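Asker: Submitted below is the structure of interest, expressed as structure tokens.
The values are calculated or read from the model by the stated rules, or taken from the named source; none is laboratory data. As the structure is a prediction and not an experimental result, all values here were calculated from the model. With ideal geometry, Cβ positions are generated from the backbone for all residues, glycine too; neighbour counts draw on all protein chains shown.
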Amino acid sequence: WVLSALSEKIGIPSKVHEVIVRRISRLGHEEIKLLDVAAVSGYHFAHDTLCGVLTLDPAVVLAMLSEIEQRHRLIRSVDSAFEFAHHKIREVIYGDLPEELKRIYHARIADCLEKALAEKISDSYMADMAFHSIEGGLPEKAFEYLIRLGEKAVEMSANTDAVDYLNKALEAT
């Protein structure tokens, strides 16, 4: 067997898309907004990020996420975070969002991550910051984090990774 197209380009079958959209349509407006931000955040997401982006009380967000998990089975809790019950659910939600709204949410997520995690900078944090900064239309911020990742990769003699990060930094400019 030979794959004739990348799986990302194949897309989601229309019947699967319809089923997911129908399940999401049963949610309230605020719950849908919550899942929109969660989809932009990624397959795994934290409630505090959603709180920061939507400026909502953490207790309200956790109650809504619990409701979505128990009644609608669209997400599930994992340790102290959440994830979508299936990758396709996230893909449908993310794919149906307008590009400008995605950009705004990515920028807000980058801002929330930077504020919340400024004390404990890790490689995965910097990678997340770079990604959300690029997608959020914040190339200067993305450049900063990509350069730092490149420098860390050089320190670890991970030259291929260093070149990749530094090339992405150049693209961001």
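Asker: List every residue pair whose Cβ atoms lie under 7 Å apart, where the two residues are 6 or more positions apart in sequence or sit on different chains, the first residue falls within the stretch 50-74 and is closer than 21 Å to Ala85 by Cβ, and the second residue, located anywhere, is of a type in the set (Gly, Ala, Ser) and in a helix (DSSP H, G or I).
Answerer: Matching pairs, first to second residue: Leu50/Ala38.
Asker: Filter the stretch 14-47 for residues that are among the small types (Gly, Ala, Ser) and at pLDDT 95 or above; which is nearest to Asp79 (Cα to Cα)?
Answerer: Among those residues, the one meeting the criterion is Ala38.
Asker: Something else: All but one of (1) within 25 Å of Ile20 (Cβ to Cβ); (2) out of contact with any strand residue (DSSP E or B) (no Cβ under 9 Å at 6 or more places or on another chain); (3) touching a residue at least 40 places away in the same chain (Cβ under 8 Å) hold for Leu113; which doesn't?
Answerer: (1)
Asker: Is there a residue in the stretch 45-62 that is buried (at least 20 other Cβ atoms within 10 Å of the Cβ), more than 18 Å from the chain's Cα centre (by Cα), over 23 Å from Gly136 (Cβ atoms) and not basic (Lys, Arg)?
Answerer: no
Asker: Looking at the stretch 63-75, which of its residues are surrounded by 15 or more Cβ atoms within 10 Å (Cβ to Cβ) and in contact with a helix residue (DSSP H, G or I) (Cβ under 9 Å, 6 or more places away or on another chain)?
Answerer: Those that are surrounded by 15 or more Cβ atoms within 10 Å (Cβ to Cβ) and in contact with a helix residue (DSSP H, G or I) (Cβ under 9 Å, 6 or more places away or on another chain): Met64, Leu65, Ile68, His72, Leu74, Ile75.
Asker: Follow-up. So which residues in the stretch 152-164 are surrounded by 13 or more Cβ atoms within 10 Å (Cβ to Cβ) and without any contact (Cβ under 8 Å) to a residue 24 or more places away in the chain?
Answerer: Ala153, Val154, Ala158, Asp161, Ala162, Val163, Asp164
Asker: Quick one: which of Leu166, Leu113 is touching a helix residue (DSSP H, G or I) at 6+ places or on another chain (Cβ under 8 Å), closer than 14 Å to Ser41 by Cα and assigned to a helix (DSSP H, G or I)?
Answerer: Leu113
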